[in-house]
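Derivation of every value follows stated rules applied to the coordinates shown; laboratory data play no part. Remember, predicted model here, so these are calculated numbers, not experimental data. We place every Cβ from the backbone using ideal geometry, glycine too, and count neighbours over all the protein chains shown.
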Amino acid sequence: MRLLTHNMLSSNVKGVVNGFPLRLEASTWVEKEVDFNADFLRSVFPKIDWPALFGASQTVGYVALPESADASMLESEDFLKKFHHALLEIHVEEGALVCPETGRRFPINKGIPNMLLNEDEV
Amino acid sequence: MPINPPFVGSIESPAASSTSKQVGSEFYIPFPISRCQSLKLRLSKVMFPRGADIRLVSSHPEVYEPCDDSFALVDALLADRGNLLNHQARFCMEIGCGSGYIITSLAIILGKENSGIHYFTSDINPYATRVTQRTLDAHGVHAEIINTDIASGLQKRLVGMMDVIVVNPPYVPTPEEEVSCEGITASWAGGYNGRTVIDRILPVVDELLSDSGWLYMVTLTANNPSEICLLMRKRGFASRIVVQRSTEEESLHVIKFWREGVDDVKDGNITSSLGTWFGTK
């Protein structure tokens with residue numbers, strides 16, 4: 001699971017109002033190189049919740065991201081490279097995503113988050 | 001555990017394909033064959049030339065193996081390839097990845113991430129997510145896989161972001177209680193008129209598709225596709241059949257949906273949207 005995906009997941013437990021971001025717990029992660037595409041990064045930037053990305057990257061030990069970011073930083077190659085690395089090149093293999101409101105844990109196994117709910121949570 | 005004979009090939013145009021392959025012949029069913037299972041198997045035993053060959057590296061008795069409906073959907077993507085490549089999609093998704101055959105084909109057709117395209121896929125069946133991972137890996141393409149019901153958990157954040165969605169839904173008419181079964185049954189059990197899951201997928205697609213986004217979906221005649229198109233019309237979607245395959249008993253239709261007022265043909269010769277294909281039942 002990439003941090004891009006983490007940025008796109010929210011708690012689907014019934015009745016939850018503040019289900020984003022899910023708190024990331026990561027016990028195993030790997031880094032995999034992904035081709036750099038500045039256009040993609042610039043176009044996806046407005047959709048990214050930066051605090052969530054920042055928090056998740058801290059969790060996996062990538063501390064190079066600035067705590068806040070704005071569109072003007074997209075001119076900087078250095079910033080884009082860091083954004084690229086955090087968003088796409090870190091894969092959480094084992095861990096969990098935790099609902100901020102209910103504490104419900106969604107496990108991540110072999111890189112795949114499990115968002116299936118039990119009958120009483122739907 | 002069935003061993004799937006690997007078939008190796010490359011993407012070809014439908015007309016050029018000269019190989020057809022019987023699939024489903026080694027399909028292991030741990031339960032007595034029900035009417036719905038045998039319908040999907042009967043469809044799969046009809047030999048059609050396929051437009052794309054993906055090497056299957058993994059299988060599981062609880063995971064739906066590619067059949068003619070899968071091939072029809074990929075052939076539809078190939079038939080629409082020109083438009084798709086000009087579409088300049090950024091985010092693509094398959095709902096219900098199964099073996100990974102379709103999402104892998106889509107990624108090969110549209111291009112990898114160096115082109116700036118990113119793929120997501122989901123399946124309610126955890127075994128399917130693992131088989132899909134292996135299929136993707138074997139072909140050097142990447143998609144983010146989520147084990148979930150349709151797009152649950154992704155819906156809020158991915159609103160309006162998908163440029164292409166592909167779905168080969170559980171479309172077989174079955175008793176309603178089979179729809180909530182686990183395992184491979186989830187790949188075909190469609191409830192009354194085979195529409196129970198389709199009708200849950202369509203509102204999600206409406207949310208996830210971008211303004212210029214396209215949906216490709218497999219349907220049976222039994223699903224009442226003209227009614228589906230009418231329901232989508234009320235949501236502001238135009239539609240047309242891209243590929244149709246018929247047996248004695250049934251017809252498969254791969255339908256493309258796009259938001260009305262936006263062109264679905266991107267070849268430089270701008271035409272107005274083709275409108276709803278199904279006028280009458």
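For region B:116-135, the criterion of being more than 9 Å from chain A (Cβ to nearest Cβ), under 20 Å from residue A:53 (Cβ atoms) and in a loop (DSSP other than H, G, I, E, B) is satisfied by no residue at all. Put simply, of A:97, A:53 the only residue that is touching a residue at least 24 places away in the same chain (Cβ under 8 Å), within 25 Å of residue B:152 (Cβ to Cβ) and touching a strand residue (DSSP E or B) at 6+ places or on another chain (Cβ under 9 Å) is A:97.
If you check A:57, A:10 for being within 14 Å of chain B (Cβ to nearest Cβ), of a type in the set (Gly, Ala, Ser) and crowded, with 19+ Cβ neighbours inside 10 Å, only one passes: A:10. Candidates A:111, A:19: the one that is farther than 26 Å from residue B:128 by Cα, within 14 Å of chain B (Cβ to nearest Cβ) and in contact (Cβ under 8 Å) with a residue 60 or more places away in the chain is A:19. Taken over region B:144-162, residues that are more than 7 Å from every other protein chain (Cβ to nearest Cβ) and crowded, with 22+ Cβ neighbours inside 10 Å amount to 2. Take region A:81-108 and flag every residue that is farther than 22 Å from residue A:48 by Cα and surrounded by fewer than 16 Cβ atoms within 10 Å (Cβ to Cβ). If the condition is that a residue be farther than 22 Å from residue A:48 by Cα and surrounded by fewer than 16 Cβ atoms within 10 Å (Cβ to Cβ), then A:94, A:102, A:103, A:105, A:107 are the ones that fit. Checked against (1) surrounded by 15 or more Cβ atoms within 10 Å (Cβ to Cβ); (2) of a type in the set (Gly, Ala, Ser); (3) within 14 Å of another protein chain (Cβ to nearest Cβ), residue A:38 meets all criteria but (1).
Could you say whether any residue in region B:197-212 is part of a loop (DSSP other than H, G, I, E, B) and touching a Phe, Trp or Tyr at 6+ places or on another chain (Cβ under 8 Å)? There is no residue in region B:197-212 that is part of a loop (DSSP other than H, G, I, E, B) and touching a Phe, Trp or Tyr at 6+ places or on another chain (Cβ under 8 Å). Within region B:98-115, the only residue that satisfies the criterion of being over 24 Å from residue B:86 (Cβ atoms) and either of a type in the set (S, T, N, Q) or within 10 Å of chain A (Cβ to nearest Cβ) (or both) is B:99.
Got at least one residue in region B:170-181 being more than 27 Å from residue A:49 (Cα to Cα), in contact with a His (Cβ under 9 Å, 6 or more places away or on another chain) and surrounded by fewer than 21 Cβ atoms within 10 Å (Cβ to Cβ)? There is no residue in region B:170-181 that is more than 27 Å from residue A:49 (Cα to Cα), in contact with a His (Cβ under 9 Å, 6 or more places away or on another chain) and surrounded by fewer than 21 Cβ atoms within 10 Å (Cβ to Cβ). All of (1) touching a residue at least 24 places away in the same chain (Cβ under 8 Å); (2) surrounded by 14 or more Cβ atoms within 10 Å (Cβ to Cβ); (3) away from every other protein chain (no Cβ under 13 Å) hold for residue A:31 with one exception: (2).
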